[in-house]
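Read the structure below first, then the notes.
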Amino acid sequence: MKTLDLDKPSENIDYKLVPTVVDGKDAWNVDLLRSPFGDVTIRFENVRINGEEQNISFSFEVVDTDDTSVYNSDHVALQEFASEVLGDILDAAIDTGSLFKKDTHDGHQPTADDSTESTD
């Protein structure tokens, strides 16, 4: 039986995925619902999974907030919460089988290409 982790973010409770269009391409924004980030919307960019080192690197952009002077991509607590949200999104994508590799031709490792990654 799977242990319930009440601190782990959950879709539609702690965040909501919102379809959008960026530069004419489909993308996803993530409305954060958990306090203190309830007025912050982010968009994940450049999600990279390194299987050899077993880590994930990512960047994100704050696309909407009531207080841009406080909440930006340099805000450490926001970075930590965004990483937890991304983890939940990736777990869900793995569970549903919607996660697949996107081969790159620029010398970088393949990236996760699911509903959370904007396409460049």
Every listed condition ((1) part of a loop (DSSP other than H, G, I, E, B); (2) modelled with pLDDT of 95 or more; (3) β-branched (Val, Ile, Thr)) holds for Val18 save (1)
Is at least one residue of the range 47-63 at pLDDT below 90, within 21 Å of Asp7 (Cβ to Cβ) and surrounded by 14 or more Cβ atoms within 10 Å (Cβ to Cβ)? yes
Per the filter on the range 38-86, residues within 19 Å of Val18 (Cβ to Cβ) and of a type in the set (D, E, K, R) are Asp39, Arg43, Glu45, Glu61, Asp64, Asp66, Glu84
Selection over the range 23-46 where residues are surrounded by fewer than 16 Cβ atoms within 10 Å (Cβ to Cβ), touching a residue at least 40 places away in the same chain (Cβ under 8 Å) and over 19 Å from Asp66 (Cα atoms) yields a count of 3
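Table: residues versus (1) at positive phi; (2) without any contact (Cβ under 8 Å) to a residue 24 or more places away in the chain; (3) not in a helix (DSSP H, G or I).
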| site | (1), (2), (3) |
| --- | --- |
| Ile56 | no, no, yes |
| Ser59 | no, yes, yes |
| Asp66 | no, no, yes |
| Asp88 | no, no, no |
| Asp91 | no, yes, no |
| Asp95 | no, yes, no |
Tally time: how many residues in the range 81-101 are closer than 12 Å to Glu11 by Cβ and of a type in the set (Lys, Arg)? 0
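In the range 31-54, what count of residues is obtained for those that are among the acidic types (Asp, Glu) and outside any loop (DSSP other than H, G, I, E, B)? Please lay out each step first, then the result.
Step one: list which residues in the range 31-54 are among the acidic types (Asp, Glu), which gives 31, 39, 45, 52-53.
Next, from what is left, pick out any that are outside any loop (DSSP other than H, G, I, E, B): 31, 45.
Looking only at that region, the number is 2.
The values are calculated or read from the model by the stated rules, or taken from the named source; none is laboratory data. Values in this document were obtained by computation on a predicted structure and should not be read as measured data. Virtual Cβ from ideal backbone geometry, glycine too; neighbours counted across all protein chains shown.
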